[in-house]
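Here the structure is laid out as C-alpha cells; the discussion comes afterwards.
The values are calculated or read from the model by the stated rules, or taken from the named source; none is laboratory data. These numbers were taken from a predicted model, which means no experiment stands behind them. Here the Cβ is made from the backbone with ideal geometry for all residues, glycine too, and neighbour counts use every protein chain on show.
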Amino acid sequence: MTIRVVCPGSFDPITMGHLDIIHRAARSFDEVVVAVVDNPNKRPLFPIEERLDLIEGETADLPNVRAERFRGLLVDFCRDRDIGIICKGLRAVSDFEYELQMAQMNQRIGGVETVFMSTSPEHSYLSSSLVKEVARLGGSIDGTMPDRVEMALRTRLAETSDEG
C-alpha cells in the first residue's frame with residue numbers, strides 16, 4: 001500500500017524550514033505532494049507558477065516529491081488524489097493551537113488525518129513572512145532559504161520597490 005501525504009502551504013517563498021519538513025516527509029512516506037495554495041483573495045509576492053517552479057527546483061533530488069497548486073478546501077484536494085494524510089511542521093506552541101483546530105476540522109469534514117513534525121531547532125524561527133520583511137528592510141537572510149530562492153526573492157523585491 002502506498003502512503004501519500006500532502007504538505008500544504010503558500011510557500012511565498014519556500015524556506016529552509018519548509019524544505020526540512022518536505023525532506024523528512026519524503027524519507028517517512030512513499031509519496032509527498034507539496035500543495036501550494038492559490039488563493040485569489042491574497043496577494044502573494046510570487047505568482048503561483050514561480051512558487052511551484054522554485055519548489056520543484058529545490059526538491060528535484062527527491063523522486064517521491066511533486067508540487068501542485070490547489071484552491072479551495074485541502075480535504076477536497078486530498079480526496080481527489082487519494083491522499084489520506086496531511087503533514088505539517090510545527091515551530092512553536094502557538095502554531096499547535098491553530099493547527100490542531102485545522103487538523104480536527106479536516107478529519108471531521110474529510111476524514112483526512114494530520115501528522116505533525118516538529119521543525120528542526122535551527123529552522124524553528126523561520127517563516128516566509130519574516131524572511132521577506134527582513135530582506136525588504138535590508139537585513140541578512142543568509143541560510144534562511146536556498147541560494148536560488150534568495151536570488152528570486154531579492155529580484156522580486158527590487159521589482160516591487162521600483163513599482164512603488
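Here is how the numbers come out for the structure above:
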{"quantity": "Subset of the range 139-155 (residues that are in contact (Cβ under 8 Å) with a residue 24 or more places away in the chain and closer than 15 Å to residue 122 by Cα)", "calculated": "143, 144, 145, 146"}
{"quantity": "Residues of the range 78-114 satisfying the condition of being polar (S, T, N, Q), more than 21 Å from residue 17 (Cβ to Cβ) and surrounded by 14 or more Cβ atoms within 10 Å (Cβ to Cβ)", "calculated": "106, 107"}
{"quantity": "Evaluation of residue 69 against (1) in contact with a Phe, Trp or Tyr (Cβ under 9 Å, 6 or more places away or on another chain); (2) closer than 14 Å to residue 6 by Cα (one fails), failing number", "calculated": "(1)"}
{"quantity": "Condition met for residue 45 (surrounded by fewer than 18 Cβ atoms within 10 Å (Cβ to Cβ) and touching a Ser or Thr at 6+ places or on another chain (Cβ under 9 Å))", "calculated": "no"}
{"quantity": "Residue list for the range 132-164, filter: in contact with a Leu (Cβ under 9 Å, 6 or more places away or on another chain) and modelled with pLDDT under 90", "calculated": "160"}
{"quantity": "Subset of the range 113-131 (residues that are assigned to a helix (DSSP H, G or I) and either under 15 Å from the mean Cα position of the chain (by Cα) or modelled with pLDDT of 95 or more (or both))", "calculated": "123, 128, 129, 130, 131"}
{"quantity": "Residues (in a helix (DSSP H, G or I), closer than 21 Å to residue 84 by Cα and out of contact with any helix residue (DSSP H, G or I) (no Cβ under 9 Å at 6 or more places or on another chain)) located in the range 22-72", "calculated": "23, 24, 25, 26, 27, 28"}
